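Visitor: Dumping the structure here so I can ask a few things about it.
The values are calculated or read from the model by the stated rules, or taken from the named source; none is laboratory data. Note that the structure is predicted; figures quoted are calculated from it, not measured. Here the Cβ positions follow ideal geometry from the backbone for every residue, glycine too, while neighbour counts run over all protein chains shown. Side chains included, ligands, DNA and RNA excluded: accessible areas come from the protein's heavy atoms. Shrake-Rupley method; radii C 1.70, N 1.55, O 1.52, S 1.80 Å.
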Amino acid sequence: MEKTYKPQKSESKIYSLWEKGGYFTPAIDYTKLPFVIIMPPPNANGVLHIGHAVFVTLEDIMIRYHRMKKDPTLWLPGADHAGIASQVAYEEVLSKQGKSRFDLGREEFYKQIYDFTRRNREIMESQLKKLGASCDWTRKKFTLEPQISKAVYHTFKKMYEDGLIYRGKRIINWCPRCGTALSDLEVKYEERTTKLVFIKYPIVDSEDFIIVTTTRPETMLGDTAVAVNPKDKRYKELLEKEIQVQLPLVGRTIPLIADERIEPEFGTGAVKVTPAHDPVDFEIGEQHQLPIIEVIGKDGKMTEKAGKDYAGLEVISARKKIIKNLQEQGLLAKQEDYFHAVGTCDRCHTIIEPLVSEQWFVKAKKIAEPALKVVRQKKIRFIPSHYEKIFFHWMENIKDWCISRQIWWGHRIPVWYCQCGEILVDVKKPETCPKCRKSSLRQDPDTLDTWFSSGQWPFIVFGWPEETKDYKYFYPTTVMETGYDILFFWVARMIMMGIYCTGKIPFKYVYLHGLVRDKDRQKMSKSKGNVIDPLGVVDLYGADALRMALVFGTSPGRDVIVSEQKIIAQRRFANKIWNAARFVLYHLQEKTDFLEAKQKDLRLTKKDRWILSELNSTIDRVNRSFQNFRFHQAAEEIYNFFWHKFCDQTIEDIKKRLFKGKNPQDKLTGRWVLHRVLSTSLKLLHPFMPFVTEEIYQMLPGKPKKALIIEDWPKRQTFFK
RNA sequence: GGGCGGUUAGCUCAAUGGUUAGAGCGCGAAUUUGACGUAUUCGAGGUUACUAGUUCGAGUCUAGUACCGCCCACCA
């Protein structure tokens, strides 16, 4: 054995030993309940980062533990096409070549991005292996493969027929850069300083004005009313008179209306109403039946309806021009600095334009109710449990979910339009229109929100809606382990869609981990230059050290702090295990009589009995920690036991006996204790540090199994004198 | 505006109402020991943010205060 542990020499060899053994594929056993984790499919638009290493570590720990406990254990790997994210990523690649997706055309673009994601998937797969992920590669899935697409279409059709999916012209979040609608969740609010503008709107047949307050003066061109709170005394008289005001610069007259939603304390208490470009105004407009005048287009520029002075201008330049023109006409009351949150695109940080547009929506409230119910009934448990409250709060206030995206990369919406006006929803293109019998059907050009498909992941990976053997045995799954940052995006949707589609909860436990931060608690990002590349760490210090560093000193739901120091500390531990084993194996190989030794052959000392009892209580504590999803605690227990009890005390103690002892029975006992404690420790350590423990196990004399990965999880054992 | 967390050693974090509140790193000292210098041994370092309560017993439970962080949200 080498003097120090060299992970580079063992890891790939060990991984292929496991792969060749077929240990990652569970045997279906109807007499047993399976333990199942569906891997959160990494986005196929890049390589793995440290955040992925966190989920690999946590999930692999659970998987290896349950596999050793002899539960039929399945960890199903996959990859996500990640609609907008991948399209944005590939458009960046193209723009470096001076091209856009329009230069390629839809078909070619799709083909290229497919290749791009396929290459990434191959890299990711090899990276997962380097991290030691013991997932079942025979069952790996990709969200855009035909069988998955078919299931996604099936769900769309089912929901459409059940009236849960509808098409409507409503106000949505539009990213002018990505050129697509977004769901509310994909809008990130960023605090910015802008101007709060006070504009005088002249009252018709009067010398007076109403001063409105706005942060978006350019949208005034599309105003169709001015609104105040009905309880606002300042405007009581004007409301009673049912006055009209004249829209500055445009000249149109618009009514003064009353609406409860207007806060009298804000600005002057009077607000312009632009149903086409503000979500609240849209609602007010619907209620008061106001016309919708769209003055900003999907390109982020002013439209024809904005008038010839402004048409074609970017929003920002239109704003400047409007302020200037208002000022010239003496209609600008004042301007002040204003600090508030503006919606930006989650992917590209461009300011979101609320626009009225025809899109597909899911009636979320309907499917949210049963999801809320099962969590309230504790049929699904969150770890840590306080995320339940966060989940409730979001689910109780859920709004309709816009699922159509004007991008090319993703599942194309399974809807066909006929010239006769008929809308056909099906899993595949209908031959002819059943109404007019024409065959010139045109498919909806849009694609589905990525989360619409990933929301079905826990069951479509098993071939649902077919009642496959896998589906029947492995679904519902056991644990959904993922980051808290996608609780709403993903977890909530999986629960809703799981119950809706299959009538079953998709998983029993939701374990949420935190974000990875550096030792100064900074989020890791390329621009900050503080990213830790997990594969670089593996090459330098070994996968075991990385895994242990990611679990040590963390707790569920809390952010994970990693530093190189912490990884180095765990590499030292791997080396400690190695060297302890080196010592023990040296003595075990000398004489293997301990393998046949019965209890009566042994003469256990007080210290021997102490370490055996410590081993027992370590097993108990580790088991308890596993039951409570406290993996860090389990890791720390074994670390402490192995290093500070077994190495520091027992090995030092038995060392004397083996070198200087005269009595062969004492020596045999020493070897027996060393073997017993080392081999049990290897099992306890294996879920956390699979490589070094397997490497040592392979050298263990009289090993009962071909590999440690399929060993039996240790049980407490009682020894008498 | 609403909600959810956090505040424990110099730093980053653990701790299921129950011994003397623990790790890692860092710091100080010793040790070349027959597995390990990527080491070992020993040590210093804490009013568990603050105030009041519940309890035989509180870092842990309750209420409040102060800071810090995150999430959600239609003050335009």
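Visitor: Please report, for the Cα atoms of segment A:373-441, the Rg to one decimal and the Dmax as a whole number; what are they, in angstrom?
Guide: 20.5, 57
Visitor: Same structure again: For chain A, what does -39500 (n - 2.57) per DSSP helix run (n ≥ 4), summed and divided by total residues, give at 222 nm, in deg cm²/dmol to the nearest 500? Write out the running numbers ahead of the final one.
Guide: Working: 23 runs with 285 residues, N = 721.
Calculated mean residue ellipticity at 222 nm is -12500 deg cm²/dmol.
Visitor: Residues with amide H under 5 Å of A:ASP400's amide H, sequence separation 5 or more or different chain, H placed in the peptide plane at 1.01 Å from N; which?
Guide: A:ALA364
Visitor: In whole angstrom, note down how far apart the Cα centers of segment A:402-425 and segment A:27-104 are.
Guide: 28
Visitor: Sticking with this structure for a sec: Express the carbon and sulfur contribution to the solvent-accessible surface of chain A as a percent, rounded to the nearest whole number, probe 1.4 angstrom. Each step should come with its number before you reach the end.
Guide: Numbers: 16050 of 31940 Å².
Ligands and nucleic acids excluded, carbon and sulfur give 50 percent.
Visitor: Then there is this: Work out how far the C-alpha atoms of segment A:232-361 reach from end to end along every principal axis, then list the three figures in whole Å, largest first.
Guide: Here the Cα extents, ordered largest to smallest, are 46, 41, 30 Å.
Visitor: Could you work out the pair-distance distribution P(r) of segment A:482-563 from its alpha-carbon pairs, with 5 angstrom bin width and percents rounded to whole numbers?
Guide: Computed distribution, short to long bins: 3, 13, 17, 19, 16, 11, 9, 8, 3, 0.
Visitor: Can you return the aspartates and glutamates within cross-link range of A:LYS236? Criterion is Cα-Cα under 16 Å, with same-chain partners fewer than 8 residues away left out.
Guide: Within the straight-line limit of under 16 Å, A:LYS236 reaches these aspartates and glutamates: A:ASP208, A:ASP259, A:GLU260, A:GLU263, A:GLU265.
Visitor: Further, regarding this structure: Lysines within cross-link reach of A:LYS667: Cα-Cα under 24 Å, excluding same-chain residues under 8 positions apart?
Guide: A:LYS576, A:LYS591, A:LYS598, A:LYS600, A:LYS606, A:LYS607, A:LYS645, A:LYS655, A:LYS656, A:LYS703, A:LYS721
Visitor: Compute the projected area of the convex hull of the Cα atoms of segment A:419-512, averaged over all viewing directions, and report it in nm² to one decimal place. Kindly include the intermediate steps, with their values, before the conclusion.
Guide: Numbers: hull surface 31.3 nm².
Approximately 7.8 nm², given one-decimal rounding.
Visitor: Within segment A:317-423, how many lysine pairs that are 8 or more places apart, or on different chains, have C-alpha atoms less than 25 Å apart?
Guide: Pairs that pass both the separation and distance tests number 24.
Visitor: Compute the Cα gyration tensor for segment A:575-634, then decide on rounded, prolate or oblate, letting a ≥ b ≥ c be the square roots of its eigenvalues: rounded whenever a/c is under 1.5, prolate when a/b is larger than b/c in the other cases, and oblate in all that remain.
Guide: Numbers: a/c = 2.69, a/b = 1.56, b/c = 1.72.
Note, shape of segment A:575-634 comes out oblate.
Visitor: What is the ratio of the Cα radius of gyration of chain A to 2.2 N^0.38 Å, with N the residue count, to two decimals?
Guide: On the way: Rg = 32.2 Å, N = 721, 2.2 N^0.38 = 26.8 Å.
Its radius of gyration relative to the 2.2 N^0.38 Å reference: 1.20.
Visitor: Next question, about the same structure. Can you tell me which of A:702-709, A:86-93, A:179-186 comes out highest on packing, and rank the rest after it, using the mean Cβ neighbours within 10 Å?
Guide: Details: A:702-709: 15.0, A:86-93: 19.1, A:179-186: 21.1.
Highest mean packing first, the order is A:179-186, A:86-93, A:702-709.
Visitor: Provide, in order from the shortest bin, the percent of all Cα-Cα pairs of segment A:122-271 in each 10 Å bin, continuing until the bin that contains the maximum pair distance.
Guide: 8, 22, 21, 17, 12, 11, 7, 2
Visitor: Let me understand segment A:1-159 better: what is its radius of gyration from the alpha carbons, and its Dmax, in angstrom?
Guide: For segment A:1-159, the Cα-based Rg and Dmax read 19.0, 63 Å.
Visitor: Same structure, new question: Where both residues lie in chain A, what percent of DSSP beta bridges are antiparallel, nearest 5? Numbers along the way, then the final one.
Guide: Working: 54 of 76 bridges.
Taking every DSSP beta bridge with both residues in chain A, the antiparallel ones total about 70 percent.
Visitor: Looking only at Cα atoms, what is the convex hull volume of segment A:678-721 per residue, in Å³?
Guide: Taking the convex hull of the Cα positions in segment A:678-721, it is 84 Å³ per residue.
Visitor: Just to confirm my numbers, what's the Cα centroid distance between segment A:522-598 and segment A:220-235 in Å?
Guide: Between the Cα centres of segment A:522-598 and segment A:220-235 lies a distance of 65 Å.
Visitor: Just to verify a number: FRET efficiency for A:ILE568 and A:SER613, C-beta to C-beta distance, R0 = 45 Å, to 0.05? Present the calculation step by step, with values, prior to reporting the outcome.
Guide: On the way: r = 33 Å, r/R0 = 0.73.
The pair A:ILE568/A:SER613 has a calculated efficiency of 0.85.
Visitor: Exactly which GluC sites (Glu not before Pro) in segment A:445-518 are in a DSSP loop and have at most 11 other Cβ atoms within 10 Å? Before the final figure, lay out each step's value.
Guide: Details: sites: A:GLU466, A:GLU467, A:GLU481; in loops: A:GLU466, A:GLU467.
Qualifying residues, ordered by number: A:GLU467.
Visitor: Quick one, what does Rg over Rh come out to for segment A:335-470 if you take C-alpha atoms and the Kirkwood Rh?
Guide: Numbers: Rg = 20.1 Å, Rh = 18.9 Å.
With Rh from the inverse mean 1/r over Cα pairs, Rg/Rh is 1.06.
Visitor: Let me ask something additional. Note the per residue figure in Å³ for the convex hull of the C-alpha positions in segment A:606-713. Each step should come with its number before you reach the end.
Guide: Numbers: hull volume 10.7 nm³, N = 108.
Per-residue hull volume (Cα only) is 99 Å³.
Visitor: Could you state the principal axis extents of the C-alpha atoms in segment A:74-133, from the largest down, to the nearest angstrom?
Guide: Reported extents, whole Å, longest axis first: 43, 20, 16.
Visitor: Ranking request for peptides A:405-414, A:568-577: highest mean number of other beta-carbon atoms within 10 Å first, then the rest in descending order. Don't skip to the answer; put the middle values down first.
Guide: On the way: A:405-414: 22.6, A:568-577: 20.0.
In decreasing order of mean packing, A:405-414, A:568-577 become A:405-414, A:568-577.
Visitor: Percent relative contact order of chain A, based on C-alpha pairs within less than 8 angstrom and at least six residues apart?
Guide: Values: 1281 pairs, mean separation 115.9, N = 721.
It comes to 16 percent, rounded to a whole number.
Visitor: Residues of chain A: accessible area per residue at 1.4 Å, in Å²? Write out the running numbers ahead of the final one.
Guide: Details: 31940 Å² over 721 residues.
Result: 44 Å² per residue.
Visitor: Still on this structure: Using only the alpha-carbon atoms, how far is helix A:50-68 inclined from the longest principal axis of chain A? Give it as 0 to 90 degrees, nearest 10.
Guide: 50
Visitor: Peptides A:250-259, A:215-224, A:194-203: what's the order by average Cβ count within 10 Å, highest mean first? Display every interim value, and only then the final one.
Guide: Values: A:250-259: 16.2, A:215-224: 24.3, A:194-203: 19.3.
In decreasing order of mean packing, A:250-259, A:215-224, A:194-203 become A:215-224, A:194-203, A:250-259.
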